[in-house]
Amino acid sequence: MTHTPPPTEESGSRLFGALTPGGLANLLDTLRAERTGGVLLLAGALVALLWANSPWSASYTTISETVVGPAALHLDLSLAAWATDGLLAIFFFVVGVELKREIVDGELRRPGTAVVPVVAAVGGMAVPALLYLLANSSAVGGEPQGWAVPTATDIAFAVAVLSVVGRSLPASLRAFLLTLAVVDDLLGIVVIAVVYTDGLRLVWFAASLVAVALFAALVRVRRPGFAGHAALVALAVTAWALMHASGVHATIAGVLLGLTAPALARPGETSSVAERLEHRWRPVSAGFAVPVFALFAAGVPLSGDAFAEAVADPVARGVALGLVVGKPVGILAATWLVARFTRATLAPDLHWRDIAAVGMLAGIGFTVSLLIGELAFGAGDPHTEHLKVAILLASTTAALLGGVALAVRDRQHRSRQQELGTR
């Protein structure tokens, strides 16, 4: 029997001491879990809503609008803008690493398995955009430039809901959702880069690409050591700052940096560089960057007047219609067309009701939809505030509808598995 030494006076007087290496590892593993990321994102949004609708709402506005950063470098941004342009770059870096792994060694590597979720993602973006334009083309006060807002799927929220209610669902359904969401993110990134670029300044953009290229060369060094890791971070920050100065949204730098990571393990390695980067940075993204973004992005008044104004705004109506109706219709219709007119088929353990349920869940457009909404109309614009209300309500509705549908399918799959097990 081992004897545990009594705590010293110094350690015993601390209420919260430093984490042990094992405790820190457990915390980081928890933050890497898909469910944890969705819960923290939801927590950030709830805190923002409660704060913005409390007697202390003025302090929320004051903190969000507080400007920090060097003006000489054009980085004198509000805290809300730092969360949108800065912290979300970490999220998009992780997305870029995921994209690289999917393209090189995942579902997107094989055209036969990738075609169905890829086309489903395209349909899940095209139909919501069309419904938004229909809602705004002839309506008084309609604004067509917000067409891209309902095209996004929040991968963190969607996968978190799937992991909670779908423990007996086929692994192929999870792969379908992940691939669909990754392609959705990729197309959303293209939209942000092409449609919402604020006056491209080529010199700064080229300089940012040079920093990305240097990052790509250094990240291939087998064991860069502490100095190498510090240089990688410095190059990443430089690429981000130069991209911000170029007029292209700074989060694009995060995606480009993530795409440079080698996705295959080299001889003598047990994991690829992309795996190690994702393992290291996912806790930062899920545990800090995305929840803080939600804290600054989701704080909108939810009074009766705010609801009435949002309902009266065709922009908000188009977004809600696109997310709740357009997403499932687009995904299901595109998948059916692929199966009908090509040789591509669903996985043997999937049913069309599974695809319909995932389509409902894909209507959760929280993170990227909020970002595109601010890019389309600008922070503080009345349409932006109405969009936030619509995105919150539509994403909640999609989560509930998709969660219930997947829970029903989960029970049916579990019953099927039990029947097969008794034969």
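Every number here is computed from the coordinates shown, using simple stated rules; none is lab data. Quantities reported herein were computed from a predicted structural model and do not represent experimental measurements.
When you restrict to C-alpha pairs under 8 Å that are six or more residues apart and normalise by the size of the range 225-355, the relative contact order lands at 8 percent. How big is D, in µm² s⁻¹, for the range 251-305 by Stokes-Einstein at 25 °C and 0.890 mPa s if Rh is the Kirkwood radius over C-alpha pairs? Reported coefficient: 177 µm²/s. Suppose the Debye formula is applied to equal point scatterers at every Cα of the range 113-197; what is log10 I(q)/I(0) at q = 0.14, 0.19, 0.22, 0.24 Å⁻¹? These q points yield log10 I(q)/I(0) values of -0.57, -0.88, -1.04, -1.13. Measuring how big the range 79-147 is from its alpha-carbon positions, Rg and Dmax come out at 17.3, 49 Å. Residue-wise HN-Hα couplings along the range 331-345, as the Karplus relation 6.51 cos²θ - 1.76 cosθ + 1.60 with θ = phi - 60° gives them from phi, are 5, 5, 5, 5, 5, 5, 5, 5, 5, 7, 10, 10, 8, 5, 9 Hz; Gly and Pro carry x.
Counting only DSSP H runs of at least 4 residues, each contributing -39500 (n - 2.57), and dividing by the residue count of the chain, the helix-based mean residue ellipticity at 222 nm comes to -22500 deg cm²/dmol.
Taking the inverse of the mean reciprocal distance over all distinct Cα pairs, the Kirkwood hydrodynamic radius of the range 318-382 comes to 13.6 Å. Across the range 306-407, Cα pairs under 8 Å and at least six residues apart give a relative contact order of 42 percent. With θ taken as phi - 60° and the Karplus curve 6.51 cos²θ - 1.76 cosθ + 1.60 applied, the whole-hertz 3J(HN,Hα) list for the range 236-248 is 4, 5, 5, 4, 5, 5, 5, 5, 4, 6, 6, x, 6 Hz, x standing for glycine and proline. May I have the pair-distance distribution P(r) for the chain, computed from all Cα-Cα distances with 10 Å bins from 0 and rounded to whole percent? With 10 Å bins starting at 0, P(r) equals 5, 20, 30, 26, 14, 5, 1, 0.
Inverting the pair-averaged 1/r between distinct Cα atoms of the range 282-423 gives 17.3 Å as its Kirkwood hydrodynamic radius. For the chain, the relative contact order comes to 28 percent (Cα pairs under 8 Å, sequence separation of at least 6).
For the range 112-258, the equivalent ellipsoid derived from the Cα gyration tensor has semi-axes of 32, 26, 12 Å, listed largest first.
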